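Dumping the structure here so I can ask a few things about it.
FYI, it's all coordinate maths here, none of it is from the lab. Not measured: the values here are computed from a predicted model. Cβ placement follows ideal geometry from the backbone for every residue including glycine, while neighbour counts extend to all protein chains displayed.
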Ligand code: UTP
C-alpha cells in the first residue's frame, strides 16, 4: 500500500494536500482507508480532466456534417442465414453476457443495488432475477453455457454478491456468474479540489459504463472468455427488465457482417426525448447525448410527416468482439471523458456533512458507446420495437419509471395470453384489467408462450404470475368476471 509520505508527496504535487486535513484525528484503520483511496487515484488523468473541464471550458466537438446512420428496420425480413448464424453462434458457446450494474441509481433512490430492485409487480422479482431467467431459457434452448459477467462498483459489490449468494445464483452456477469491479473517480469541486465524503474517504463516483472496457481487461474477463471459446459479448444495462439478452437475430447480423461492435437503436418518440442518438459525424459513428441537442440543432429536425429525422435512439444494447475490447483498451488513454455538474454531498473543513441543494461539483464518467470511435468495420445498427425490449427504469414514476416498466409488462404479456387463447379482460382504455407476470425462463417471446400453452386455459379473471415450469405461482382473487 502507498505510504503516508508517498501519498502526501503525490497529493501535494497535484495541489490536493487538503485531503490530509483530518489526518491528525484519524485512527490507524481510517488512515489506511484514506491511503487506499489515494492509491486508487490516477492523478495524471485527474489533472488532465481538471485542466480541461474545471479550469477551462473546452468548445464542443465540431462536426462539418452529421447524418442519420444506416439502420436495419425492426420489421425487416431477415434472411434465413441471419437467424441460423445467430443460433449457431449461441449453440457453439461463442457468446458471453456482459451486464453493467455499477451505477449509483441516484434517481431511483433505492437503498440497495439497482439490480436488486423488486420490479416484478406480483412476485417482487428483481431485475437480476429477470435477466438470470432469460439466460436459463437461452441455455436450455441452445444447449450452451452463457457465462455472465456483471460489472459492479466498489459501492455495491458486496451487496450484489451477497444477493446472488442468497439466491443460489438463480440456478446458473456460481462459476458461470462473475463479478468485476469498475474503478472509481474522485469528485472535484469548482475550485478544482477533490471532495471528501468523510474525513477518511474521498467523494468518488464509478467511472461510467465506459469503465467496463478497462474493467473487462483488468479483471480477466477477456482471458476467461477466450479460455471458454467465447469471442462475442452481449452487453446490456441492469435497469431494463425487458432487454433481449444474447438476441440470436442481433448476433446473426453481427456475425455475418463481420462487425466489431454492433448497436441496437429505437425510434425516438419526439425530438427532445432524453436519449442519446446514433449518428454519422463526418463519416464516423457517434452517439450524441441528449444534453447536447442544442449544440447540434439539426438533431431536432422532423420530416414532412412530423417524424424525427435523427431517430436512432440509443437503448445501450451492444455486441462487442473480445478482440475489439482488447484494442479499445490499448487506446484507452484517448477514450473521451464526460463531465456532469451535480449535487455532491461533502464534508466541510469542520467535518460537518453538507448536502447541497444546488450542483456544487463535477463527476467524470466514460460512456461505452464512445467505443464506436475505434471501429474499423462498419457496425450493425439494428432497430428494435420498444415493447418487449426496452423499458429502462430510472425513477419511480413518470417517463422511464417503475410504474411505466410494470405497465409495459402488462401490455406485453396480456397480448401473449390473448394469442394463447386466454383473452385478458380489459379496462375501458383497453389496458389489461389484471396484473400479469410470465417468467422468462418459461417463455421468452409470444411464440414460445403460445406453443407451451397448447391445451391450457389460463385463469385470467384475477391477477396471475406464471413460473419457470408453467405453473401458477400466484393468482390473485378473482377481480373480474370469468
Ligand atoms: P445510468 O447512467 O442510467 O445511471 O446507468 P444509474 O446508476 O442507473 O442511475 P442514476 O443516473 O444514478 O440515476 C445506465 C446503466 O449503466 C450502469 C448502470 O448500473 C445502468 O445499468 N452504470 C452506470 C455502470 O455500470 N457504471 C457506471 O459508472 C455508470
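Using the scaling law 2.2 N^0.38 Å as the reference, what is the normalised Cα Rg of the stretch 359-482?
After normalising by residue count via 2.2 N^0.38 Å, the value is 1.40.
What shape does the stretch 1-90 take by its C-alpha gyration tensor, where a ≥ b ≥ c are the square roots of the eigenvalues and a/c under 1.5 counts as rounded, a/b above b/c as prolate, and the rest as oblate?
In terms of gyration-tensor shape, oblate.
How long are the semi-axes of the equivalent ellipsoid of the stretch 263-348, defined as square roots of 5 times the Cα gyration tensor eigenvalues? Whole Å, largest first.
Square roots of five times the eigenvalues give 27, 22, 12 Å.
Which value, in Å³ per residue, describes the convex hull spanned by the Cα atoms of the stretch 203-356?
About 192 Å³ per residue, rounded to a whole number.
Taking a ≥ b ≥ c as the square roots of the Cα gyration tensor eigenvalues, with a/c under 1.5 meaning rounded and otherwise prolate when a/b beats b/c, else oblate, which class fits the stretch 44-152?
Cα axes put the stretch 44-152 in the oblate bin.
Provide 324, 341, 110 in ascending order of the number of other Cβ atoms located within 10 Å of each residue's Cβ, fewest first.
341, 110, 324
Hey, what angle do you get for helix 4-13 against the long axis of the chain, alpha-carbon based, 0 to 90 degrees rounded to 10?
That helix lies at roughly 90 degrees to the long axis.
As a footprinting exposure proxy, order 347, 213, 50 by other Cβ within 10 Å, with the fewest listed first.
The fewest-first ordering by Cβ neighbours comes to 347, 50, 213.
Give me the one-decimal nm value for the distance between modelled label points at residue 55 and residue 1, 7 Å along each residue's Cα-to-Cβ direction.
3.1
Please report Rg over Rh for the stretch 156-216, where both radii come from the alpha carbon positions and Rh follows the Kirkwood definition.
Working: Rg = 15.9 Å, Rh = 14.0 Å.
My calculation of the ratio gives 1.14.
Could you please tell me the mean projected area of the C-alpha convex hull for the chain, averaged over all directions and given in square nanometres to one decimal?
So the Cα hull casts an average projection of 25.5 nm².
If each residue's Cβ is checked for other Cβ atoms within 10 Å, how do 235, 285 rank with the fewest at the top? It would help to have the intermediate numbers written out before the result.
Details: 235 28, 285 20.
Lowest count first: 285, 235.
Another question, if that's okay. Limiting things to C-alpha atoms, what are the Rg and the maximum Cα-Cα separation (Dmax) for the stretch 163-293, in angstroms?
19.0, 55
Can you give the three extents of the C-alpha atoms in the stretch 357-425 along their principal axes, from longest to shortest, in whole Å?
52, 46, 10
How would the stretch 286-434 be classified by its alpha-carbon gyration tensor: rounded, prolate or oblate, with rounded meaning a/c under 1.5 and the a/b versus b/c comparison settling the rest?
Details: a/c = 1.97, a/b = 1.33, b/c = 1.47.
Since a/c reaches 1.5 but b/c is at least a/b, the shape of the stretch 286-434 is classed as oblate.
What does a probe at residue 467 reach in the stretch 135-157, counting residues whose amide N is under 18 Å from the point 7 Å along Cα→Cβ?
Once the point is set 7 Å along Cα→Cβ of residue 467, 136-137 turn out to lie under 18 Å by backbone N, inside the stretch 135-157.
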